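Below is one structure, written out as C-alpha cells, with a few remarks after it.
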C-alpha cells in the first residue's frame, strides 16, 4: 500500500470509530437553565436547583476541568409558605480558590472583619459595576445576592471578573437564557407586582 493512501485511511478510521480531533460543538440550546429536583432527607422538603453554565474568557491558572456556573436553589410554590416560589440561595461556582478580602463592617463590635470576594460585572455591555460577595466555605465559589440575581435575570449577557487567591484575574461570560422558569420557581422577577 502506498504511504499517501495510508495517511488518508487513518483520519477516516478515527472519524468512523467515533474519535475525532475536534470535540462536537454544543447546540445553541446549551444556554439554558438546567433544572433538577432535590429533596432534603431530614426535613423532606423538596427544592429545585437551576444551573447555568458559562465560559471562561480568561481562565484560572492551573488545570480546571469544569466551566463556571451559576446555581440557584428555590422552593417551589406548593412547598413554600405563600404559594409562590421562594428563593433559597444562589452561588457562582468557579473551581479555584478566590482572593478573599477582609472588610471592616459598618459598625464595629469587637475585632470582627467579614470575608468578601470582589466581583466586577457588566450586564449587556453596560458600564462595569463592582460588589462584594460572601465566599463559600470551599473558597472556590461565592454567594450571589438575591438583589443581584434580580438585576441579571432578564439580561442577555453577563460578564463577571474575580481574582484568584494569587491575584490573577478570572473573566467569565454567561449568555442568559429565557428567565421564565427561574422567575416562576424562585420569585426573583425584577418587576414588583
Just the residues that are over 16 Å from residue 140 (Cα atoms) and modelled with pLDDT under 90, please, taken from the stretch 76-101.
76, 77, 78, 79, 80, 81, 82, 83, 84, 85, 86
Whichever residue in the stretch 111-143 is in a loop (DSSP other than H, G, I, E, B) and closer than 20 Å to residue 154 by Cβ and, among such residues, is modelled with the lowest pLDDT:
125
When (1) surrounded by 16 or more Cβ atoms within 10 Å (Cβ to Cβ); (2) in contact with a strand residue (DSSP E or B) (Cβ under 6 Å, 6 or more places away or on another chain); (3) farther than 21 Å from residue 67 by Cβ are applied to residue 183, the one that fails is (2)
How about the stretch 46-65: which of its residues are surrounded by 14 or more Cβ atoms within 10 Å (Cβ to Cβ) and not in a strand (DSSP E or B)?
54, 59, 60, 64
For residues that are farther than 13 Å from residue 165 by Cβ and touching a residue at least 12 places away in the same chain (Cβ under 8 Å), tally how many sit in the stretch 129-140.
6
Please work out if residue 178 is modelled with pLDDT of 90 or more and assigned to a loop (DSSP other than H, G, I, E, B).
yes
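In the stretch 34-55, how many residues are within 14 Å of the chain's Cα centre (by Cα) and either under 16 Å from residue 75 (Cα atoms) or at pLDDT below 90 (or both)?
Taking the stretch 34-55 as the starting set, the residues that turn out to be within 14 Å of the chain's Cα centre (by Cα) are 34-35, 49-55.
Next, only the ones that are either under 16 Å from residue 75 (Cα atoms) or at pLDDT below 90 (or both) stay: 34-35, 49-51.
Selection size over the stretch 34-55: 5.
The values are calculated or read from the model by the stated rules, or taken from the named source; none is laboratory data. Computed from a predicted structure; not experimentally measured. Positions of Cβ are generated from backbone atoms using ideal geometry, with glycine treated the same way; all protein chains shown enter the neighbour counts.
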